[in-house]
Amino acid sequence: MLRKDAALKTYWRWLFLTLLTAILVWGAGSSLAKEAWPEKQVELINPFGAGGAADIQARKLAEIISRDLGQPLVVRNVTGAGGAIAYNEVHRAKPDGYTLIWYSGAINTLAARKQISFDYRAFEHIAGVGFETVAIAVNKTAPWKDFKEFVAYIRQNPNKVTVGNSGIGSVTHMVPVAMAAKIGAPLVHVPFGTGLAVAALMGGKIDASSQHPAEILSQVKAGEVRVLAVTSEKRISIWPNVPTMKESGVDLVFDQWRGFAAPKGTPKTVIDKMTAIVKKAVESKEWAEFAASVGTTPQYLDPVAFYKFVGEVDKITKEIMIAAGLSK
Amino acid sequence: MADRTILSFLLIAFQPANLLACFAGAVVGTLVGVLPGLGPAAVMALVIPLTLKLGPTAGLIMLAGIYYGSMYGGSTTSILVNVPGEPASVVTTLDGYAMAKKGRAGAALAIAAIGSFVAGTVSVIALQFFAPLLARSALAFGPAEYFVLTVLGVILLSNLTGKSRVKSLIMIMVGLMLSTIGFDPVGGVERFSFGFESVQGGISFIALTTGLFGVAEVFSVMAEKEKPMGLFPVRFRELYPDREELKRSLAPMARGSVLGFLIGLLPGPAATMAAFASYSLERRLSKRRDQFGKGAIEGVAGPESANNAAAGGAMVPLLSLGLPFTPTTAVLLGGMLLHGVTPGPFLLRDRPELFWGVIGSFYLGNAMLLILNLPLVGIFAKIVRVAPRYLMPIVLVLCVIGAYGDNLNLFDVWVMFGAGVTGYLMRKYGYEPAPLVIGLVLGPVMERSLRQALIISQGNLSGLWDSTLCQVMWFIVLLSAILPFITHYLRRSAASVSKKAN
């Protein structure tokens, strides 16, 4: 009887120990699994339409990043409402590192216009990847030889010159708004969808249009339109003959910025891993060549610098918006 | 010499790797078309990384294959179960589904495939020979011109099915009103969303159409008493259109191809509008006007040709000016840029092998799709013979997948059910859902272009009729608004005169 009891005791002891070990291993395993992010594909939510300037860059970069990530980084377009829908979705998403946002100036303009209930502080900043300038273009038959002449014309004809952009509140809208403020003569802003302002410009329906270089590359190449100025600090490599606004006497530097971010609360290990991979991709020769071909300037920013930078843009954006009466 | 090189470039499409890419694209495209909620733009964007490994020519051939393949498949579910697979196939439900109910599903499917082939081929020929010329004329359309065009659309399409003009107009207005939900396209102000985040971007088009057509149909069948279905054996030959059906379809296909191609040159929901316009045109021209809505083959042949031709037309501004006017051509443009190819007037000069290779693949792909789709007709047509108590739950599942799949949002599924109940009630009281769809499609274009035109003219109404093109179109608007009353009056007086003579 006794011996049977002892055997039972040993049995229970064994079972208990095994279970304990199993739990320990399981626990360790799951913490290991967190280290092992990503275990499945990672989604990069792009707030803008497939095929646009933002999209082709996201896709190219995603392709390079996927090689080091070990899992595919998949771009998903969640469009509408100037990007608000995408930002809401990522803001709401589980902060597990599997949902990232293709981050850009939209966060500043959406927040300034209160189209979303949060701002850049609601995101973990992973890395800044570069700047994309805004080009002011006119029809090939336009009478203005250069940007200076165009500015002089605007001064003589306040509230007359029509400038197309890709949507109210977009960076391509911010630029002409800020430009008008610097010149001291108001412009007429006409919002189009991406790419459609160029068609209206070519058809002679508007005087000028504001867009990213990628959206107007082939029309410039074909001589259908002329670019009078870009908003970047320095001239861009694909258009060495196009002056900056600063050179042309309008003290305005306002680029679109792009980068990666994740919802607040995403584990630090995940952010760190992603930051390193993005850095490598942004500094690769492949990206440098592609970025230059679509008129973008690669520039890696680490999470701290990136966060600070976005915060500064947020302030400037609000100022421009309030001055233009666009912010509530 | 030049011709010979073009021919040899065209034949690039026939190289084994490109042939395979074309076939794969066509198959994927057909699937995209058949499944509601799976749009060509989203799928093409997904496939882009894969095409990067194939190289520019094969990669672009594959993307193009998906693009026009999706236009083939769109009609399948419209005809079989009243669920439009693509917005451009909404109008096909009217007569396609009616034909299926009469046991002519096979004929409708086959005519849709043949019409797509004819239109696809016609539009490639037009693309090859007239692209630069036509692209220029598309630029004459600015905001003011678009606005007049949408007004013309509302007037001409208000009497789509020829039943009650008043009810039809009410439905168009409801559609226009629904289209204002969400952030407004110009000012970015949130409207009528009542705090629901899910409708900030507007009501999901796919959710609404699957509800109004598909779910409403399921409810109607549920409400009917199940009749014992006589299983009539269908012989092989009866699966396909007979000689008379083919003959009746030829002219609508030709007209639909030309009309669709021209509408396709313009930005906006061109393929959908082309299909509606073709339907309206065919009904007006037809001697069998009373058959429309009850299974007239012309009502399938015309629109299905028109939406395919519009897909070809949309390639014109892309290839010759580098301007993407539709979401799908925008993805094609993105794909090209990723491959290091810049579309536009210099594409032909700089990369002739690519330009002609892709054009060649259009010819090839269209033939491939016809061969692929015709045998499928036989299989699909049998679906109609499945008893409703088994078929309808499947249709409902298909609708749910479509509505959910569009935005991966459960809210849209509720919208779909709401639209289903509404659609059922509308049907009971003789209100048709098709004009509502027209309003929904035209609404955003109409609003945006009106406001853009007024911004450009600085609030001056004369901005809406400053150009000659606008004036001509306003004249047509006026004419088409007055003409029905005049003919009505003339007919009446003629009738009274003849009465007196008797």
Which of (1) farther than 25 Å from B:Gly187 by Cβ; (2) more than 26 Å from the chain's Cα centre (by Cα); (3) surrounded by 12 or more Cβ atoms within 10 Å (Cβ to Cβ) does B:Leu454 not meet, given it meets every other one? (1)
Taking segment A:144-159 as the search range and keeping residues that are of a type outside the set (Phe, Trp, Tyr) and touching a helix residue (DSSP H, G or I) at 6+ places or on another chain (Cβ under 8 Å), which one is nearest to B:Leu454 (Cα to Cα)? A:Ile154
Is segment B:43-66 home to any residue that is within 14 Å of the chain's Cα centre (by Cα) and within 14 Å of chain A (Cβ to nearest Cβ)? no
Could you list all residues from segment B:457-468 that are within 14 Å of chain A (Cβ to nearest Cβ), assigned to a helix (DSSP H, G or I) and surrounded by fewer than 17 Cβ atoms within 10 Å (Cβ to Cβ)? B:Thr468
Identify, by number, the condition in (1) free of Cβ contacts under 8 Å to residues at least 24 places away in the same chain; (2) away from every other protein chain (no Cβ under 14 Å) that B:Ser123 doesn't meet. (1)
Just checking, which of B:Gly33, B:Gly25, B:Gly37, B:Gly59 is in a helix (DSSP H, G or I), under 30 Å from B:Leu396 (Cβ atoms) and not hydrophobic (A, V, I, L, M, F, W, C)? B:Gly33
If you check B:Val477 against the conditions, is it under 28 Å from the mean Cα position of the chain (by Cα) and within 30 Å of A:Lys205 (Cβ to Cβ)? yes
So, B:Val218, is that one among the β-branched types (Val, Ile, Thr) and within 14 Å of chain A (Cβ to nearest Cβ) or not? no
In segment A:258-289, the residues that are among the polar types (S, T, N, Q) and either touching a strand residue (DSSP E or B) at 6+ places or on another chain (Cβ under 6 Å) or not in a loop (DSSP other than H, G, I, E, B) (or both): A:Thr266, A:Thr269, A:Thr275
Going through segment B:77-119 one residue at a time, which ones are within 21 Å of B:Gly264 (Cβ to Cβ) and part of a loop (DSSP other than H, G, I, E, B)? B:Pro84, B:Gly85, B:Glu86, B:Val90, B:Val91
Segment B:316-357 - residue that is at the interface with chain A (Cβ under 8 Å from one of its Cβ atoms) and among the aromatic types (Phe, Trp, Tyr) and, of those, surrounded by the most Cβ atoms within 10 Å (Cβ to Cβ): B:Phe325
Looking at segment B:378-399, can you tell me whether even one residue there is farther than 20 Å from B:Val83 by Cβ and more than 14 Å from every other protein chain (Cβ to nearest Cβ)? yes
Which numbered condition in (1) touching a residue at least 40 places away in the same chain (Cβ under 8 Å); (2) more than 20 Å from B:Ile125 (Cβ to Cβ); (3) among the hydroxyl-bearing types (Ser, Thr, Tyr) is the only one that B:Ser320 fails? (2)
Scan the strands (runs of 3 or more DSSP E) fully inside segment A:121-183 and keep the ones with 1 or more residues being surrounded by fewer than 24 Cβ atoms within 10 Å (Cβ to Cβ), in contact (Cβ under 8 Å) with a residue 12 or more places away in the chain and within 14 Å of chain B (Cβ to nearest Cβ). A:135-139, A:162-165
Given the criterion farther than 25 Å from B:Lys294 by Cβ, away from chain A (no Cβ under 14 Å) and out of contact with any Pro (no Cβ under 7 Å at 6 or more places or on another chain), identify the matching residue among B:Leu169, B:Leu152, B:Leu139, B:Leu156. B:Leu152
Show the residue pairs that are 6+ apart or on different chains and have beta-carbon atoms under 8 Å apart, the first residue being within segment A:48-59 and facing chain B (nearest Cβ under 7 Å) and under 18 Å from A:Ile85 (Cα atoms), the second being part of a loop (DSSP other than H, G, I, E, B) and at pLDDT 85 or above. A:Asp55/A:Phe48
Quick check: anything in segment B:358-370 of a type in the set (A, V, I, L, M, F, W, C), closer than 23 Å to B:Gly103 by Cα and more than 9 Å from chain A (Cβ to nearest Cβ)? yes
When segment A:65-84 is checked residue by residue, the ones that are in contact (Cβ under 8 Å) with a residue 40 or more places away in the chain and within 11 Å of chain B (Cβ to nearest Cβ) are A:Gly82
What are the residues in segment A:94-118 that are in a loop (DSSP other than H, G, I, E, B) and within 12 Å of chain B (Cβ to nearest Cβ), if any? A:Arg113, A:Lys114, A:Gln115, A:Ile116, A:Ser117
Check segment A:240-257 and report whether any residue there is in contact with a strand residue (DSSP E or B) (Cβ under 9 Å, 6 or more places away or on another chain) and within 29 Å of A:Pro38 (Cα to Cα). yes
For residues in segment A:204-218 being at pLDDT 90 or above and within 7 Å of another protein chain (Cβ to nearest Cβ), which is surrounded by the fewest Cβ atoms within 10 Å (Cβ to Cβ)? A:Lys205
Would you please name the residue that is farthest from A:Ala36 (Cα to Cα), looking only at residues in segment A:283-297 that are surrounded by 19 or more Cβ atoms within 10 Å (Cβ to Cβ) and in contact with a Gly (Cβ under 7 Å, 6 or more places away or on another chain)? A:Thr296
Just checking: which of the helices (runs of 4 or more DSSP H) contained wholly in segment B:271-376 hold 1 or more residues that are at pLDDT 85 or above and on the phi < 0 side of the Ramachandran plot? B:298-313, B:315-321, B:327-338
Which number in (1) closer than 21 Å to A:Ala199 by Cβ; (2) polar (S, T, N, Q); (3) more than 14 Å from chain B (Cβ to nearest Cβ) marks the one condition that A:Asn241 misses? (1)
Could you tell me whether any residue of segment B:388-406 is assigned to a loop (DSSP other than H, G, I, E, B) and surrounded by fewer than 23 Cβ atoms within 10 Å (Cβ to Cβ)? no
Note on segment A:45-62: residues at pLDDT 90 or above and either in a helix (DSSP H, G or I) or within 18 Å of A:Phe131 (Cα to Cα) (or both) are A:Asn46, A:Pro47, A:Gln57, A:Ala58, A:Arg59, A:Lys60, A:Leu61, A:Ala62
Could you go through segment B:296-315 and let me know if any residue there is surrounded by fewer than 23 Cβ atoms within 10 Å (Cβ to Cβ) and either touching a strand residue (DSSP E or B) at 6+ places or on another chain (Cβ under 6 Å) or not small (Gly, Ala, Ser) (or both). no
Look through segment A:219-231, keep the residues that are assigned to a loop (DSSP other than H, G, I, E, B) and surrounded by fewer than 23 Cβ atoms within 10 Å (Cβ to Cβ), and return whichever of them is nearest to the other protein chains (Cβ to nearest Cβ). A:Ala222
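The values are calculated or read from the model by the stated rules, or taken from the named source; none is laboratory data. Bear in mind the structure is a predicted one, so any value in this text is a computation, not a measurement. For neighbour counting, all protein chains shown are included, and Cβ atoms are generated from backbone atoms with ideal geometry for every residue, glycine included.
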